[in-house]
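Encoded as structure tokens, here's the structure I'll be asking about.
The values are calculated or read from the model by the stated rules, or taken from the named source; none is laboratory data. Worth saying up front: this structure is predicted, and the values here are computed from it rather than measured. In this analysis, Cβ positions are derived from the backbone assuming ideal geometry, glycine residues included, and neighbour counts consider all displayed protein chains. Accessible surface is based on the protein model in full, side chains and every heavy atom, while ligands, DNA and RNA are left aside. Shrake-Rupley method; radii C 1.70, N 1.55, O 1.52, S 1.80 Å.
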Amino acid sequence: MTDTTDVRATPAMPRIGDPAPAFTAKTTQGDISFPGDYAGRWVVLFSHPADFTPVCTSEFMTFATMEEQFAAYGTDLVGLSVDGLYSHIAWLRTIKDRIVYRDMEDVEVTFPLIEDITMDVARAYGMIMPGEDSTKAVRAVFVIDDKGVIRAIIYYPLSLGRNFDELLRVVKALRTADAFDVATPADWRPGERVIVPPAGSCGTAKERMDGDVEGVECVDWFFCTKDLPADEVEAAIRVAS
Ligand code: BEZ
């Protein structure tokens, strides 16, 4: 059977390494010009399908409760849905006044929530996935660095709430990779060993395998790690409060 999918009909989506698409928008915290207003800061730009829905409510309460933890790593939060500003304001007030989830209550969302009733921003970021829902954004996450470059993209479907510890881990890992010119292995957390860059930049493959590069241990020529204490990571990626 012929595949009739026309890839040209699929809107271009920003990719890792691309500049974050620029836009201006109204938010619950006033107008923003993105990413210009955030120059010099990292940002987690994330979309949710709809205000006044339960999974989104649990996500907003969790994210709002963790806002200071992200700020400690120089990272701001910006939310978006295709709802209007008055819906956003009413929903966030309801969350504060009425909703209890896990041990969270009286939660005030103080980061900006973008109004995108035209869906212009959601489309520019590839947040509308018609196979899932053509009138709502999926749960998209864009981690954007201090130069306005997209560094990580994560998508979840409508039914699945995100893991916000993982999003904080992503920010810490990216900032650590930048600060120390290393890569981070599966499930890495600050304090665990990191992957050193390819041979050449840190000893030759033979020197590394022979144990001649101080602090570097290789289990094979392509798999070399070194210790990176948590306090060194924190000193490099945490911002002064
Ligand atoms: C929710 O956040 O609960 C939700 C939103 C849209 C579709 C399904 C669930």
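Looking at ARG208 and the list (1) open to solvent by 20 Å² or more (accessible area, probe 1.4 Å); (2) of a type in the set (Lys, Arg); (3) assigned to a helix (DSSP H, G or I), which single condition is not satisfied?
(1)
Out of all the residues in region 160-176, which are surrounded by fewer than 17 Cβ atoms within 10 Å (Cβ to Cβ) and in contact (Cβ under 8 Å) with a residue 60 or more places away in the chain?
Once the filter is applied, which keeps residues that are surrounded by fewer than 17 Cβ atoms within 10 Å (Cβ to Cβ) and in contact (Cβ under 8 Å) with a residue 60 or more places away in the chain, region 160-176 yields LEU160, GLY161.
Another question about this same structure. Counting only residues that are open to solvent by less than 10 Å² (accessible area, probe 1.4 Å) and among the β-branched types (Val, Ile, Thr), which one in region 43-59 is farthest from the ligand (Cβ to nearest atom)?
VAL43
Turning to a different aspect of this structure: Answer yes if at least one residue in region 141-159 is touching a helix residue (DSSP H, G or I) at 6+ places or on another chain (Cβ under 6 Å), modelled with pLDDT of 95 or more, in a strand (DSSP E or B) and open to solvent by 50 Å² or more (accessible area, probe 1.4 Å), and no otherwise.
Yes, some residue in region 141-159 is touching a helix residue (DSSP H, G or I) at 6+ places or on another chain (Cβ under 6 Å), modelled with pLDDT of 95 or more, in a strand (DSSP E or B) and open to solvent by 50 Å² or more (accessible area, probe 1.4 Å).
All but one of (1) out of contact with any Asp or Glu (no Cβ under 9 Å at 6 or more places or on another chain); (2) within 16 Å of the ligand (Cβ to nearest atom); (3) not charged (D, E, K, R) hold for TYR73, so report the exception by its number.
Looking at each condition in turn, TYR73 falls short on (2).
Consider LEU228 against the criteria (1) without any contact (Cβ under 8 Å) to a residue 12 or more places away in the chain; (2) farther than 20 Å from VAL143 by Cβ: it satisfies all of them except one. Which criterion is unmet?
Condition not satisfied by LEU228: (1).
Per-residue answers, yes or no, for (1) of a type in the set (A, V, I, L, M); (2) out of contact with any strand residue (DSSP E or B) (no Cβ under 8 Å at 6 or more places or on another chain); (3) over 22 Å from GLU132 (Cβ atoms); (4) at pLDDT below 95:
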{"position": "VAL43", "(1), (2), (3), (4)": "yes, no, yes, no"}
{"position": "ALA71", "(1), (2), (3), (4)": "yes, yes, yes, no"}
{"position": "ALA90", "(1), (2), (3), (4)": "yes, yes, yes, no"}
{"position": "ARG93", "(1), (2), (3), (4)": "no, yes, yes, no"}
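On to the next question. Which of the residues spanning region 119-144 are polar (S, T, N, Q) and touching a residue at least 24 places away in the same chain (Cβ under 8 Å)? Quick ask: steps written out before the conclusion?
Pass one, region 119-144, residues polar (S, T, N, Q): 134-135.
Across region 119-144, the qualifying residue is only THR135.
Does GLY74 satisfy the criteria of being at positive phi and crowded, with 16+ Cβ neighbours inside 10 Å? Even if it seems obvious, please write down each step before you answer.
Numbers: at positive phi: yes; crowded, with 16+ Cβ neighbours inside 10 Å: yes.
Here the answer is yes, as GLY74 does meet what is asked.
While we're looking at this one, here's another question. Inside region 117-139, can you point out the residues that are under 12 Å from TYR156 (Cα atoms) and not in a loop (DSSP other than H, G, I, E, B)?
Within region 117-139, MET129, ARG139 meet the criteria.
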